[in-house]
Amino acid sequence: MLEISNCNNIDSGKISIEKLKLNIKYAMNGIGKSTIARAIELQLRGDGSIKELTPFKLQESGVEDQQPQVAGLDDVKSVKVFNDDYINQFAFKQDEVLANSFEIFIKTADYEKQINAIEGIIANIKETFRDSEEINQVISDLATLSDSFGKSKSGYSEASALAKGIGKGNKVSNIPAGLESYTAYLQSPQNSKWLKWLMDGNTYSSLSDNCPYCTSPTKDKKDVISKVSKEFDAKSIEHLNKIIAVLDSLGKYFSKDANEKLRALTNNIKGLSKEQLSYLVRIKDQADTLRWRMVNLKGMTYFSMKDAGEVSDFGPSGTSVGDHNR
């Protein structure tokens, strides 16, 4: 019995695997079949790569028992994945004249020698992309940026972290009138925690006209204190902080023009226009493409490159994200 937890859309689940038998798992699209297979494959690698399946909602938790994992693989040392990629690489048409032609005509000793030579050439690239903390951080940041857009056919969801963080304007950079005295708190690195602290204390304001913390008179300030709760939401500020942090982290990989536009967008006052949303979705699409290429380079082989005209078609190019003129 395998126990899978915190992998993409799977919070937790159990699946039975019978030894020495063909196990077929059938379910509708989107139920998680590919995630299960991918989770098993990454767990057996033992290099921590299973973390790429971390759900967006848990990416900053850091809690050990909330990390992606597959339990019950103690007796399994390796796994072979038979999927569309395998079919495209190895399978031949059913109507071929000579059965097993790949083994007879292609997979010769010389073929094996050449493949091994190619694998040796790209070994350093694979090792760099697998073990580099900086590259792994970039991949993680790109995933966080993409996930912040939420799930929507348009590429942007009104219920997403991005929408809640800057969709209606950045009030942290643009403190509402009457709340200027709270600027130091609202613009501090701990602003979301401070807001939660303030709101928790404000629930006791009806018990007395005095401050629930220092007992000083607050009767004349209650409207201002209540306005903070109306204008700001701790969770939305948390989303805003996370988006700004990931954009700052990725800033050195963006073009100068993209950085300037993104800085203006994250500090907007009135909310995002259709043109701005369209620009952000284009950034997301480019980020997704770059992340896909970088993840693929971790497992690069001759077969995974066979359809690429050049190595640059397979891996990340020199173009900065957000640069449409290069």
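The values are calculated or read from the model by the stated rules, or taken from the named source; none is laboratory data. Since we're looking at a predicted model, the values are computed, not measured. Positions of Cβ are backbone-derived with ideal geometry, glycine not excepted, and every protein chain shown enters the neighbour counts.
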Query raised in the report: Of everything in region 33-50 that's basic (K, R) and farther than 15 Å from K14 by Cβ, which residue is nearest to the chain's Cα centre (by Cα)?
Result: R38
Query raised in the report: So which residues in region 246-287 are surrounded by fewer than 14 Cβ atoms within 10 Å (Cβ to Cβ), of a type outside the set (A, V, I, L, M) and part of a loop (DSSP other than H, G, I, E, B), if there are any at all?
Result: K270, G271, S273
Report task. Keeping to region 1-57, report how many residues are of a type in the set (K, R), touching a helix residue (DSSP H, G or I) at 6+ places or on another chain (Cβ under 9 Å) and under 22 Å from N296 (Cα atoms). Result -> 2
Query raised in the report: Filter region 24-41 for residues that are aliphatic (A, V, I, L, M) and in contact (Cβ under 8 Å) with a residue 24 or more places away in the chain; which is nearest to V76 (Cα to Cα)?
Result: I40
Query raised in the report: Looking only at region 249-277, which residues are within 20 Å of the chain's Cα centre (by Cα) and among the β-branched types (V, I, T)?
Result: T266
Query raised in the report: For region 124-158, how many residues are of a type in the set (D, E) and touching a Gly at 6+ places or on another chain (Cβ under 9 Å)?
Result: 1
Query raised in the report: Given the residues E275, E231, E260, which is the only one that is closer than 20 Å to Q187 by Cα, at pLDDT 80 or above, acidic (D, E) and out of contact with any Cys (no Cβ under 6 Å at 6 or more places or on another chain)?
Result: E231
**Report entry** Selection status of S154, at negative phi, modelled with pLDDT under 85 and within 26 Å of the chain's Cα centre (by Cα)
**Finding:** no
Report task. Determine which single condition A184 fails, assuming it passes every other condition in (1) in contact (Cβ under 8 Å) with a residue 12 or more places away in the chain; (2) in a helix (DSSP H, G or I); (3) of a type in the set (A, V, I, L, M). Result -> (1)
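With respect to K222, is the statement that it is part of a helix (DSSP H, G or I) and exposed (fewer than 13 other Cβ atoms within 10 Å of the Cβ) true?
no
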Report summary line: I139 meets each of (1) assigned to a loop (DSSP other than H, G, I, E, B); (2) more than 23 Å from S226 (Cβ to Cβ) with one exception, condition (1)
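Results for (1) within 26 Å of A159 (Cβ to Cβ); (2) outside the structural domain of A159 (by TED's automatic domain parsing); (3) over 31 Å from the mean Cα position of the chain (by Cα), shown as yes or no for each residue.
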{"position": "G201", "(1), (2), (3)": "no, no, yes"}
{"position": "N210", "(1), (2), (3)": "no, no, yes"}
{"position": "V224", "(1), (2), (3)": "no, no, yes"}
{"position": "K227", "(1), (2), (3)": "yes, no, yes"}
{"position": "D233", "(1), (2), (3)": "yes, no, no"}
{"position": "H239", "(1), (2), (3)": "yes, no, no"}
Query raised in the report: Can you pull out the residues in region 194-223 that are out of contact with any helix residue (DSSP H, G or I) (no Cβ under 8 Å at 6 or more places or on another chain) and in contact (Cβ under 8 Å) with a residue 12 or more places away in the chain?
Result: G201
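For every residue, the table says whether it meets (1) on the phi > 0 side of the Ramachandran plot; (2) loosely packed, with under 15 Cβ neighbours inside 10 Å; (3) out of contact with any Lys or Arg (no Cβ under 9 Å at 6 or more places or on another chain); (4) modelled with pLDDT of 80 or more.
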{"site": "E3", "(1), (2), (3), (4)": "no, yes, no, yes"}
{"site": "N8", "(1), (2), (3), (4)": "yes, no, no, yes"}
{"site": "G30", "(1), (2), (3), (4)": "yes, yes, yes, yes"}
{"site": "Q43", "(1), (2), (3), (4)": "no, no, yes, yes"}
{"site": "G48", "(1), (2), (3), (4)": "yes, yes, yes, yes"}
{"site": "S61", "(1), (2), (3), (4)": "no, yes, yes, no"}
{"site": "D74", "(1), (2), (3), (4)": "no, yes, yes, yes"}
{"site": "D84", "(1), (2), (3), (4)": "no, yes, yes, no"}
